[in-house]
1. With a point put 7 Å past each Cα toward its Cβ, work out how far A61 is from N189 in nm, to one decimal.
2. To the nearest 20 debye, what charge dipole does region 32-260 have about its Cα centre, counting +1 at the Cβ of each Lys and Arg and -1 at the Cβ of each Asp and Glu?
3. Using the count of nearby Cβ atoms within 10 Å as a rough guide to exposure, how do F117, F418 rank from fewest to most?
4. How would you order 138-145, 86-93, 160-167 from highest to lowest mean count of nearby Cβ atoms within 10 Å?
5. Going by how many other beta carbons lie within 10 Å of each one, how would you line up E324, E36, fewest first?
6. Using per-residue counts of other Cβ atoms within 10 Å, averaged over each peptide, order 367-379, 265-277, 458-470 from highest down.
7. Which one of A61, L185, I249 is farthest out on the positive end of the charge dipole of region 32-260, using unit charges on Cβ (Lys, Arg +1; Asp, Glu -1) and the Cα centre as origin?
Amino acid sequence: MSLLNWFHRKKLVKKGLACDKTRHSSQRSDWVSILEEHPLVRLSIFVGFAGVIALLALTTAKPLQREVYILLSIVLGYSILILSLDLPEVWRSNSKTFLVYGTLSVNILITRGIHYFSQHQEAIYYPTSYYLIPMAFAPLVLSILMGTRVGLFAVIIPSLLDALLFNKSFPLMLLSLITGLTAVLFTRNVRKRSHLLNAGFAIGICSMVCAVIFGALSDRSMNALIQQGSINIVIGLATAMFVNSTLPIFETLFNITPEISWVETADLNHPLLRQLTLEAPGTYHHSLMVANLAESAATAIGANATQCRVISYFHDIGKIPKAEYFIENIPQGEDPHADLSPSMSALIIISHVKEGISLAYKNRLKKPIIDAIQQHHGDSLVYYFYKRAKQQEGDAKAGSKILHMHEEDIPAVCESSFRYPGPRPQTKEVAILMLADAIESASRSLEKPTPQRVESLVKDIVEHKMLTHQLDECPISLQEINLLKESFTLTLKSMLHVRIAYPKEDRSHPSTQSPKKTSASDSAAAA
C-alpha cells in the first residue's frame with residue numbers, strides 16, 4: 001500500500017500538485033512493526049538460543065549425561081517463563097528479546113572459548129581458567145540498558161547453563177553468580193559512564209576474593225594467589241571498559257536509551273536549547289517549568305524522572321522558527337494573530353510539532369525525544385482558534401440572512417483542521433509531559449493562585465484530557481493518575497507561591513532615621 005502511495009505522490013509532483021519534499025515522521029514502517037511484534041520472530045529467537053546451547057552440549061570433551069540435557073531443557077523453559085510473566089516489556093518486543101538472548105549467547109560462547117583454550121595450554125592451571133572469563137559482560141550490558149530485573153535474569157540463566165555445560169562446576173556457577181550480582185548492584189543507579197569503572201573494579205575484587213578462597217582450599221602458593229588476584233582485577237576493569245565503549249552501538253541498533261544517556265542529554269548547553277534561549281526565551285522558561293512538574297510527577301509514580309525532564313526540555317523546539325506567534329514569546333499588548341484567519345493561526349500553532357520533529361532529526365536527538373515531540377499534544381483540539389472560527393462562521397451566517405444569501409455558500413469550519421495530527425501518548429513519560437505542559441500553560445492565567453484554585457485547575461485539566469481520550473493509549477492506571485494530580489498540585493503550589501507584600505518603609509518619618517533594635521521574634525515574623 002505504501003508503494004502505491006509513493007507512485008501516486010510522484011504523479012502529483014510531476015503535475016505540480018504536490019511537493020517533492022516530505023516531513024520526517026517518528027512512526028515506524030509496517031514491516032518493522034511486524035518484525036517487532038510477530039510471534040514467529042520471537043519463536044525463532046528462542047529456537048536459535050536453544051540451538052546454541054544444544055551445539056555446545058553436543059561438542060563437549062566428555063559426553064553429557066541424560067539428566068544434564070533434561071536440566072538444560074528445564075532452564076531454557078524457565079527462561080521463557082520468566083520473560084513472559086515477569087518481564088512483559090521484553091516479551092512483547094522482539095528486538096529486546098533478541099538483545100537479551102543474543103547477549104547471553106555471546107557470554108556463554110566466550111566462556112566456552114576460554115574454557116577450551118585453557119584445556120590446551122599447559123602453562124595455565126586448569127581451575128584458574130574460570131577467573132579469566134568476563135562473566136559479568138551480559139549482566140553489565142543488560143542491567144545498564146534495560147534495568148535491574150533484566151540484569152538479574154542475565155545473572156541467573158547463564159550461571160545455571162555454564163555450570164551444566166562445563167562439568168557441573170559448582171565453583172564456576174558460584175563465581176558467575178557473585179560477579180553478575182555485583183555488576184547489577186553497582187549499575188543499579190549508574191548515571192555517568194565513568195562510574196562503570198567502579199563497577200568493573202568491584203567485579204574484579206569479588207572475583208579475586210573467590211579466587212583466593214578456592215585457591216586456598218586447593219593448597220595453591222601465595223604468589224600464585226596474588227598473581228591470580230591481579231589478573232581478576234584487570235579482567236573486571238577490561239570488561240567494564242569494553243561495555244562502556246560498545247554501549248552506543250547497542251543504543252543505536254536497538255533504540256534503547258539508558259539512564260546514562262538521559263543524564264548526558266539533560267545538559268542545558270545543547271545547541272538546540274541555547275538556540276531556544278536566544279530566539280524563544282518565553283518558550284525556554286516554559287520548558288524549564290514543565291520539566292520541574294514532569295520530573296516530580298514521574299518520581300511519584302515510579303516512571304523515568306530523568307527522561308521526563310529531558311523530553312520536557314525539547315518538547316517545544318518546533319516553536320523556534322515562528323517563536324513570535326506563541327503567547328509566551330509575545331510582548332504584552334501585541335497580537336500577531338489579529339491579522340490572520342483562525343485557520344491560519346491554528347496551522348502555525350499546530351506546525352510546531354512537525355517543525356520540532358524536523359529539528360530533532362537534524363540534530364540527531366534520540367527517538368524517545370522525537371516521539372515525545374510528536375505525541376505531547378496527541379490529537380487534541382486547538383480550542384481557542386476553533387472557537388473563533390465557529391464564531392466567525394456564525395456571524396457570517398447571520399450576515400447572510402440580512403443580505404439574503406444562502407447559508408450553503410458559507411464554507412463550514414472543519415474541526416480536523418484545528419486538531420493536532422497525533423498520535424496520542426504511547427508511554428507514561430509522554431502522558432506526564434502532556435499533562436505538565438497543559439497545566440503549566442494554564443497556570444499562567446491564574447490571577448490569584450490560591451491553593452484551592454490550583455487544585456481546581458489541575459483537576460479540570462487532567463479530567464479534560466481523560467474525557468477527550470488523550471490518555472487511552474498509554475499504560476497508565478487511575479491510581480497513577482490520582483498520584484499525578486497530587487504531585488502536580490503540590491509542585492505548582494510551590495512554583496506559584498507569592499510572598500506577602502509588606503508596606504514600604506517611609507523614609508521621611510523621623511523614627512526611620514535611627515532604626516531600633518528588633519527582637520528575635522520580630523525578625524522571625526518579618527522573614
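1. Reported label-point gap for A61 and N189 is 4.6 nm.
2. Dipole about the Cα centre, nearest 20: 120 debye.
3. F117, F418
4. Answer by packing, highest mean first, reads 138-145, 160-167, 86-93.
5. Going from sparsest to densest Cβ surroundings: E324, E36.
6. Those peptides, ordered most packed to least, come out 367-379, 458-470, 265-277.
7. Of the listed residues, the answer is L185.
Each value in this text was obtained by applying a stated rule to the coordinates, not by laboratory testing. Nothing here was measured: the structure is a model prediction, and the numbers come from that model. Heads up, the Cβs are rebuilt from the backbone with ideal geometry, glycines too, and the neighbour counts pull from every protein chain shown.
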